[in-house]
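Comments concern the structure below.
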Amino acid sequence: MRTQKEGNQAPSMDRLRFARLAAEEQLLQALGFFQVMSARRTVRSFSPETVPFELIETAIKAATTAPSGANQQPWRFVVVSIPEVKRQIREAAEAEEREFYHRRAPREWLEALLLRASVLCQPLGTDWHKPFLEIAPYLIVIFRLDYGLSRGAEGQEIRTKNYYVMESVGIAAGILLTALHMAGLATLTHTPSPMGFLGKILKRPKNEKPYLLIPAGYPSADAAVPRIIKKALPEVLEVVS
(Lines give C-alpha, C1' and ligand atoms only; values in the text may rest on other atoms or scores of the structure.)
Protein backbone atom coordinates (compact mmCIF):
# COMPACT_ATOMS: atom_id res chain seq x y z
CA MET A 1 0.00 0.00 0.00
CA ARG A 2 1.39 3.42 -1.00
CA THR A 3 1.91 6.04 1.63
CA GLN A 4 0.34 9.46 1.23
CA LYS A 5 3.78 10.90 0.54
CA GLU A 6 4.37 8.42 -2.28
CA GLY A 7 0.94 8.96 -3.78
CA ASN A 8 1.29 12.75 -3.85
CA GLN A 9 4.83 12.91 -5.18
CA ALA A 10 5.32 15.85 -7.50
CA PRO A 11 6.59 15.08 -11.01
CA SER A 12 10.26 15.70 -11.72
CA MET A 13 10.75 19.26 -12.94
CA ASP A 14 13.73 21.17 -14.33
CA ARG A 15 14.41 24.78 -13.64
CA LEU A 16 13.59 26.93 -16.68
CA ARG A 17 16.66 28.19 -18.50
CA PHE A 18 15.66 31.70 -19.51
CA ALA A 19 17.91 34.70 -20.05
CA ARG A 20 16.10 37.97 -19.48
CA LEU A 21 17.48 40.56 -21.90
CA ALA A 22 17.64 44.29 -21.49
CA ALA A 23 14.82 46.06 -23.34
CA GLU A 24 17.20 47.53 -25.92
CA GLU A 25 18.74 44.13 -26.63
CA GLN A 26 15.31 42.54 -26.98
CA LEU A 27 14.33 45.01 -29.68
CA LEU A 28 17.67 44.70 -31.47
CA GLN A 29 17.36 40.92 -31.60
CA ALA A 30 13.74 41.08 -32.75
CA LEU A 31 14.58 43.55 -35.52
CA GLY A 32 17.63 41.57 -36.57
CA PHE A 33 15.61 38.37 -36.82
CA PHE A 34 12.94 40.13 -38.86
CA GLN A 35 15.54 41.50 -41.28
CA VAL A 36 17.09 38.06 -41.78
CA MET A 37 13.73 36.34 -42.30
CA SER A 38 12.37 39.06 -44.58
CA ALA A 39 15.10 38.08 -47.03
CA ARG A 40 13.89 34.47 -47.22
CA ARG A 41 12.30 33.55 -50.53
CA THR A 42 10.90 30.40 -52.06
CA VAL A 43 13.45 29.14 -54.59
CA ARG A 44 12.77 26.92 -57.60
CA SER A 45 16.24 27.04 -59.15
CA PHE A 46 18.79 25.06 -57.16
CA SER A 47 22.47 24.36 -57.61
CA PRO A 48 23.54 20.69 -57.53
CA GLU A 49 26.46 21.78 -55.34
CA THR A 50 27.04 19.57 -52.32
CA VAL A 51 25.74 20.80 -48.97
CA PRO A 52 27.29 19.62 -45.68
CA PHE A 53 24.85 17.13 -44.18
CA GLU A 54 25.55 18.59 -40.75
CA LEU A 55 23.60 21.70 -41.78
CA ILE A 56 20.53 19.62 -42.62
CA GLU A 57 20.86 17.51 -39.49
CA THR A 58 21.24 20.53 -37.22
CA ALA A 59 18.23 22.25 -38.78
CA ILE A 60 16.15 19.13 -38.14
CA LYS A 61 17.39 19.07 -34.55
CA ALA A 62 16.06 22.61 -34.22
CA ALA A 63 12.71 21.52 -35.68
CA THR A 64 12.39 18.76 -33.10
CA THR A 65 12.40 21.37 -30.32
CA ALA A 66 8.89 22.41 -31.43
CA PRO A 67 6.09 22.11 -28.90
CA SER A 68 3.57 19.35 -29.54
CA GLY A 69 0.29 18.10 -28.13
CA ALA A 70 1.01 16.07 -24.96
CA ASN A 71 4.67 16.16 -26.04
CA GLN A 72 3.98 13.27 -28.42
CA GLN A 73 6.20 14.74 -31.15
CA PRO A 74 4.12 13.31 -34.01
CA TRP A 75 6.63 13.89 -36.79
CA ARG A 76 9.21 12.05 -38.83
CA PHE A 77 11.84 13.69 -41.04
CA VAL A 78 13.13 11.63 -43.97
CA VAL A 79 16.16 13.07 -45.78
CA VAL A 80 16.75 11.92 -49.36
CA SER A 81 19.98 12.45 -51.28
CA ILE A 82 20.22 9.32 -53.46
CA PRO A 83 19.77 10.45 -57.10
CA GLU A 84 17.66 7.44 -58.09
CA VAL A 85 15.20 8.00 -55.24
CA LYS A 86 15.02 11.72 -56.03
CA ARG A 87 14.27 10.78 -59.65
CA GLN A 88 11.43 8.50 -58.55
CA ILE A 89 9.99 11.26 -56.39
CA ARG A 90 10.21 13.78 -59.23
CA GLU A 91 8.51 11.48 -61.72
CA ALA A 92 5.70 10.64 -59.31
CA ALA A 93 5.25 14.27 -58.26
CA GLU A 94 5.13 15.50 -61.86
CA ALA A 95 2.57 12.84 -62.76
CA GLU A 96 0.29 13.96 -59.94
CA GLU A 97 0.87 17.65 -60.58
CA ARG A 98 0.23 17.30 -64.31
CA GLU A 99 -3.09 15.67 -63.53
CA PHE A 100 -3.83 18.35 -60.94
CA TYR A 101 -3.15 21.34 -63.18
CA HIS A 102 -4.87 19.82 -66.21
CA ARG A 103 -7.89 18.21 -64.56
CA ARG A 104 -8.28 18.37 -60.79
CA ALA A 105 -7.29 21.93 -59.90
CA PRO A 106 -10.29 24.07 -58.86
CA ARG A 107 -10.97 26.87 -61.29
CA GLU A 108 -10.63 29.39 -58.48
CA TRP A 109 -7.06 28.21 -57.81
CA LEU A 110 -5.98 28.56 -61.44
CA GLU A 111 -7.67 31.96 -61.69
CA ALA A 112 -5.91 33.10 -58.52
CA LEU A 113 -2.53 32.11 -60.02
CA LEU A 114 -3.30 33.93 -63.26
CA LEU A 115 -4.53 37.01 -61.42
CA ARG A 116 -1.45 37.14 -59.21
CA ALA A 117 0.82 36.69 -62.23
CA SER A 118 -0.96 39.48 -64.11
CA VAL A 119 -0.69 41.83 -61.13
CA LEU A 120 3.04 41.13 -60.88
CA CYS A 121 3.42 41.15 -64.69
CA GLN A 122 5.46 37.95 -64.43
CA PRO A 123 4.86 34.21 -64.02
CA LEU A 124 5.01 32.73 -60.54
CA GLY A 125 6.76 29.58 -61.69
CA THR A 126 4.07 27.24 -60.39
CA ASP A 127 3.29 24.46 -62.84
CA TRP A 128 3.69 20.70 -63.05
CA HIS A 129 7.38 20.75 -63.99
CA LYS A 130 9.49 19.99 -60.89
CA PRO A 131 13.16 19.64 -61.96
CA PHE A 132 14.30 20.99 -58.58
CA LEU A 133 13.31 17.67 -57.01
CA GLU A 134 16.31 16.09 -58.73
CA ILE A 135 18.69 19.03 -58.74
CA ALA A 136 18.52 20.07 -55.07
CA PRO A 137 21.09 18.03 -53.11
CA TYR A 138 18.60 17.15 -50.38
CA LEU A 139 14.88 16.52 -50.17
CA ILE A 140 13.45 16.64 -46.67
CA VAL A 141 10.10 14.90 -46.44
CA ILE A 142 8.10 15.63 -43.29
CA PHE A 143 5.61 12.95 -42.29
CA ARG A 144 2.91 13.45 -39.70
CA LEU A 145 2.09 10.60 -37.33
CA ASP A 146 -1.68 10.52 -36.99
CA TYR A 147 -1.27 7.83 -34.34
CA GLY A 148 1.55 6.00 -32.62
CA LEU A 149 2.17 2.41 -33.67
CA SER A 150 3.92 -0.26 -31.61
CA ARG A 151 3.78 -3.99 -30.84
CA GLY A 152 2.64 -5.61 -27.62
CA ALA A 153 4.33 -8.48 -25.80
CA GLU A 154 2.44 -11.00 -27.95
CA GLY A 155 3.08 -9.15 -31.20
CA GLN A 156 -0.31 -7.47 -31.36
CA GLU A 157 -0.58 -4.03 -32.94
CA ILE A 158 -1.05 -1.19 -30.45
CA ARG A 159 -2.25 2.20 -31.61
CA THR A 160 -1.82 5.35 -29.54
CA LYS A 161 -3.85 8.43 -30.38
CA ASN A 162 -1.82 11.56 -31.06
CA TYR A 163 -3.24 14.99 -30.31
CA TYR A 164 -3.01 18.28 -32.22
CA VAL A 165 -1.00 16.58 -34.95
CA MET A 166 -1.47 19.15 -37.72
CA GLU A 167 -0.71 22.06 -35.41
CA SER A 168 2.35 20.36 -33.92
CA VAL A 169 3.86 19.34 -37.25
CA GLY A 170 3.11 22.76 -38.72
CA ILE A 171 5.11 24.46 -35.96
CA ALA A 172 8.01 22.02 -36.48
CA ALA A 173 7.96 22.69 -40.23
CA GLY A 174 8.12 26.44 -39.63
CA ILE A 175 11.11 26.05 -37.33
CA LEU A 176 12.81 23.81 -39.90
CA LEU A 177 12.40 26.36 -42.70
CA THR A 178 13.72 29.08 -40.41
CA ALA A 179 16.71 27.01 -39.32
CA LEU A 180 17.62 26.14 -42.92
CA HIS A 181 17.42 29.81 -43.90
CA MET A 182 19.56 30.82 -40.92
CA ALA A 183 22.11 28.21 -42.07
CA GLY A 184 22.38 29.96 -45.44
CA LEU A 185 20.34 27.48 -47.46
CA ALA A 186 17.52 27.98 -49.92
CA THR A 187 14.26 26.06 -49.62
CA LEU A 188 10.93 25.44 -51.27
CA THR A 189 7.72 24.23 -49.67
CA HIS A 190 6.23 21.66 -52.03
CA THR A 191 2.92 19.87 -51.53
CA PRO A 192 2.19 17.70 -54.57
CA SER A 193 -1.46 16.74 -54.70
CA PRO A 194 -1.96 14.01 -53.61
CA MET A 195 1.24 13.00 -51.79
CA GLY A 196 0.62 9.33 -51.06
CA PHE A 197 3.41 8.25 -53.41
CA LEU A 198 5.99 9.61 -50.93
CA GLY A 199 5.05 7.01 -48.33
CA LYS A 200 5.30 4.24 -50.92
CA ILE A 201 8.63 5.30 -52.42
CA LEU A 202 10.19 5.87 -49.01
CA LYS A 203 8.60 2.71 -47.54
CA ARG A 204 7.05 4.48 -44.55
CA PRO A 205 4.72 2.67 -42.11
CA LYS A 206 0.99 3.15 -42.47
CA ASN A 207 0.66 5.59 -39.56
CA GLU A 208 2.95 8.12 -41.28
CA LYS A 209 1.29 10.48 -43.77
CA PRO A 210 3.19 12.94 -46.00
CA TYR A 211 2.90 16.51 -44.75
CA LEU A 212 5.47 18.58 -46.62
CA LEU A 213 8.32 18.11 -49.09
CA ILE A 214 11.21 20.58 -48.76
CA PRO A 215 14.04 20.69 -51.32
CA ALA A 216 17.08 22.28 -49.65
CA GLY A 217 20.41 23.47 -51.00
CA TYR A 218 22.14 26.47 -52.48
CA PRO A 219 20.32 28.54 -55.11
CA SER A 220 21.62 28.36 -58.66
CA ALA A 221 23.80 31.25 -59.84
CA ASP A 222 20.98 32.54 -62.05
CA ALA A 223 18.14 31.98 -59.56
CA ALA A 224 15.40 34.58 -59.80
CA VAL A 225 12.22 35.08 -57.79
CA PRO A 226 9.03 37.04 -58.54
CA ARG A 227 8.70 40.54 -57.12
CA ILE A 228 6.07 39.95 -54.48
CA ILE A 229 4.73 42.33 -51.87
CA LYS A 230 3.78 41.15 -48.42
CA LYS A 231 0.65 42.57 -46.87
CA ALA A 232 1.21 45.65 -44.73
CA LEU A 233 1.17 45.04 -40.99
CA PRO A 234 -2.19 46.82 -40.43
CA GLU A 235 -3.76 44.34 -42.86
CA VAL A 236 -2.78 41.33 -40.79
CA LEU A 237 -2.47 42.66 -37.24
CA GLU A 238 -5.33 43.46 -34.88
CA VAL A 239 -4.54 44.71 -31.40
CA VAL A 240 -7.09 44.19 -28.63
CA SER A 241 -6.21 46.36 -25.66
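Values for this structure:
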item: Protein accessible area in the chain, 1.4 Å probe - carbon and sulfur %; result: 56
item: Under-5 Å amide H pairs with Gly148, H placed in peptide plane, nonlocal only; result: Thr160, Lys161, Asn162
item: CD proxy at 222 nm, helix term only [per DSSP H run n ≥ 4: -39500 (n - 2.57); per residue of the chain; nearest 500]; result: -11500 deg cm²/dmol
item: DSSP H segments from the chain that extend 18 Å or more along their own axis, Cα-based, with Kyte-Doolittle mean of -0.5 or above; result: 23-38, 107-120, 165-182
item: Leu212 accessible area, assembled protein chains, probe 1.4 Å, Å²; result: 20
item: With all protein chains modelled, accessible area of Ile82 [1.4 Å, Å²]; result: 100
item: Packing-based order for 221-230, 149-158, using average beta carbon neighbours within 10 Å, highest first; result: 221-230, 149-158
item: Estimated inter-spin distance, Lys203 and Leu237, nm [label 7 Å along Cα→Cβ]; result: 5.0
item: Cα-Cα P(r), the range 142-241, percent of pairs per 10 Å interval; result: 11, 28, 32, 19, 8, 3
item: Too-long pairs where the Cα-Cα distance tops 26 Å, listed order kept, from Lys61/Lys86; Lys61/Lys209; Lys209/Lys230; Lys61/Lys231; Lys61/Lys203; result: Lys209/Lys230; Lys61/Lys231
item: With at most 12 other Cβ atoms within 10 Å, longest stretch of the chain clear of loop chymotrypsin sites (Phe, Trp or Tyr not before Pro) (DSSP); result: 19-162
item: Overall dimensions of the chain by Cα: Rg and Dmax, Å; result: 21.8, 77
item: Solvent-accessible area per residue, Å², over the chain with all protein chains present [probe radius 1.4 Å]; result: 68
item: Full-extension gain in nm, Ser12 to Glu49, via 0.36 nm per residue minus C-alpha separation; result: 8.6 nm
item: Stretch gain in nm, segment Met37-Ile228, where the contour uses 0.36 nm per residue and the Cα spacing is subtracted; result: 67.3 nm
item: Percent RCO, i.e. relative contact order, over the range 134-206, from Cα pairs under 8 Å lying at least 6 residues apart; result: 17
item: Set of the range 20-53 residues, backbone N closer than 11 Å to the point 7 Å along the Cα-Cβ line of Ala62; result: 37
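The values are calculated or read from the model by the stated rules, or taken from the named source; none is laboratory data. Keep in mind that what you see is a predicted model, and the values were worked out from it rather than measured. Every residue, glycine as well, gets a Cβ built from its backbone with ideal geometry; the counts of neighbours run over all protein chains shown. Remember, those area values only see protein heavy atoms, side chains included, never the ligands or the DNA or RNA. Shrake-Rupley method; radii C 1.70, N 1.55, O 1.52, S 1.80 Å.
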